[in-house]
Amino acid sequence: EAQVTQNPRYLITVTGKKLTVTCSQNMNHEYMSWYRQDPGLGLRQIYYSMNVEVTDKGDVPEGYKVSRKEKRNFPLILESPSPNQTSLYFCASSFQGTNEKLFFGSGTQLSVL
Amino acid sequence: DQQVKQNSPSLSVQEGRISILNCDYTNSMFDYFLWYKKYPAEGPTFLISISSIKDKNEDGRFTVFLNKSAKHLSLHIVPSQPGDSAVYFCAALNNDMRFGAGTRLTVKP
C-alpha cells in the first residue's frame, strides 16, 4: 500500500530534550516536506527536500532540523524543543514537487512541557 | 501573513443539501489551487484541484469554482453526505504551496 508513515503518533516531552520524528514514504517520491498545523493558522511548511541531500527552509524553520540521506526517509529533528513547538506535525511527499498533490502522513501530535 | 484565507472556521449543513466552502487568496501569482480533506487522526488527503486557466472543475459530487478577478475559490459538495464531515483545507500554489486555516464541515443526517 502506497503511504507516508510517521512515528510516533503521539509524543510528550520536556523542554530541551532532543527528539526525532521519523517519516518514510514507499512511493519513490523525490519531494518530501514537513508541516505543522496550529489552530487558526492552517498548515505551515517547516522544511522541504526536493531530492536526496537537498533540503531547504520553509516558512517556519526555526528550532527544527531535517536530513535527507535516503530518498524514502525525511526525519524531523528538534534539538532543544520548547513549548511553542507543541503542535500537530505532518510529513508529506509528492513525486516531483509542490506543483502537484501531496500525500500526507497521519500526523504526530507533539506536546512540549 | 496569511495569503490564503478560509474565513469560516465551521459549517453545518443537512444531509442532501449543498455545502459551499469558501477560500480567498491575496497573491495573484498563485496559478494552481487544491482542496484537501482531513478526517480526525488522519493526514489530509487530496480532493480536487483547479488550474488558474479554468474557472470550474468537477469530480462527481465535488465542484471547485475559481473567480480570479475576485481572488476567490469555492468548493461545492452536492448532495452532502454525513461521510463528508471533515476539515477542508484550501491550498494555493505558485512556487510554494500555501494552506488556509481550514473549515470544519458537519453534515447532519
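Laboratory data are not the source of any read-out in this text; all were calculated from the coordinates shown. For clarity, every value in this text was computed on a predicted model and none was experimentally measured. Virtual Cβ from ideal backbone geometry, glycine too; neighbours counted across all protein chains shown.
Quick look at the values:
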quantity	calculated
Sole residue being within 13 Å of the chain's Cα centre (by Cα) and more than 27 Å from B:N7 (Cβ to Cβ), chosen from A:S93, A:S82, A:S87, A:S33	A:S93
Every residue from the range B:74-101 that is more than 15 Å from B:V64 (Cα to Cα) and surrounded by fewer than 23 Cβ atoms within 10 Å (Cβ to Cβ)	B:Q81, B:P82, B:G83, B:D84, B:S85, B:A86, B:V87, B:L93, B:N94, B:N95, B:D96, B:A101
Test: residue in the range B:38-56 that is more than 13 Å from chain A (Cβ to nearest Cβ) and in a strand (DSSP E or B)	yes
Residue list for the range A:1-24, filter: within 24 Å of B:G102 (Cβ to Cβ) and either within 12 Å of chain B (Cβ to nearest Cβ) or part of a loop (DSSP other than H, G, I, E, B) (or both)	A:Q3, A:V4, A:T5, A:Q6, A:P8, A:R9, A:Y10, A:C23
Considering residues of the range B:62-94 that are within 14 Å of chain A (Cβ to nearest Cβ) and small (G, A, S) only, the residue farthest from A:K101 (Cα to Cα)	B:A86
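Let's see how each residue does on (1) surrounded by 18 or more Cβ atoms within 10 Å (Cβ to Cβ); (2) of a type in the set (K, R); (3) within 11 Å of chain B (Cβ to nearest Cβ):
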{"residue": "A:Q37", "(1), (2), (3)": "yes, no, yes"}
{"residue": "A:L76", "(1), (2), (3)": "yes, no, no"}
{"residue": "A:N84", "(1), (2), (3)": "no, no, no"}
{"residue": "A:E100", "(1), (2), (3)": "no, no, yes"}
